[in-house]
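Student: Encoded as structure tokens, here's the structure I'll be asking about.
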Amino acid sequence: MPLLLFCSTNIMAETQRALFASGCFWGTQYHFQRLPGVLCTRVGYTGGHTLHPTYHEVCTGTTGHAETVEVLFDPTKVSYDTLARLFFETHDPAQVDRQGPDIGNQYRSAIFYLDETQKVTAEKLIGILKAKGQPVATEITKATPFWPAEDYH
């Protein structure tokens, strides 16, 4: 079901939501917030079992969370498929529990799907990469609650 979001641009828009993890959330957020049709992004944590995790807790590797970017987008201007393709283009989906110098389970490559359509799209794109001989370690996991990162983060 679409969300109604009042963005900082003071424009009401019908939106959809996506959750992507591909290493440090600042780098991931950078790419998504530049894409036309993306209305808002937030950094935080998902995929774990701890309620209201903090950055320091997530960094211990014991919460199960990944650093994640929540993307709110206008589906009339950008598709989920386009977002997912950008996700794969802006990190190395073959790396396990790391991206570049960032090492740990919290930096894993993951798509946290919110509905069956997102899941099918992610699986399709991974299938394309694998058919081209590219290794893919990206998890496709049903979304758990998204916890926004602390203000200082």
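The values are calculated or read from the model by the stated rules, or taken from the named source; none is laboratory data. The shown structure was predicted, so the numbers you read here are calculated from the model rather than taken from an experiment. Because the Cβ atoms are built from the backbone with ideal geometry, glycine has one as well, and the counts that use them run over all protein chains shown.
Student: So, in region 106-118, how many residues would count as being under 16 Å from Thr46 (Cα atoms) and surrounded by fewer than 20 Cβ atoms within 10 Å (Cβ to Cβ)? If you could, list the steps in order and put the result at the bottom.
Tutor: Here is the first cut: in region 106-118, the ones under 16 Å from Thr46 (Cα atoms) are 106-115.
Keeping just the survivors that are surrounded by fewer than 20 Cβ atoms within 10 Å (Cβ to Cβ) gives 114-115.
So the count comes out to 2.
Student: Let me ask you something else. Just checking, which of Arg34, Arg42, Arg17 is among the basic types (Lys, Arg) and under 21 Å from Thr121 (Cα atoms)? Lay out the reasoning, then the answer.
Tutor: Numbers: Arg34 fails: under 21 Å from Thr121 (Cα atoms); Arg42 fails: under 21 Å from Thr121 (Cα atoms).
After ruling out the rest, the residue left standing is Arg17.
Student: Another question about this same structure. Show the residue pairs that are 6+ apart or on different chains and have beta-carbon atoms under 9 Å apart, the first residue being within region 49-72 and under 25 Å from Gln118 (Cα atoms), the second being charged (D, E, K, R) and at pLDDT below 95.
Tutor: So the pair list comes out as Glu67/Asp102.
Student: State all residues of region 98-114 that are among the small types (Gly, Ala, Ser) and under 14 Å from the mean Cα position of the chain (by Cα); if no residue qualifies, say none. Reasoning before the result, please.
Tutor: Just the residues of region 98-114 that are among the small types (Gly, Ala, Ser), to begin with: 100, 104, 109-110.
Passing the criteria: Ser109, Ala110.
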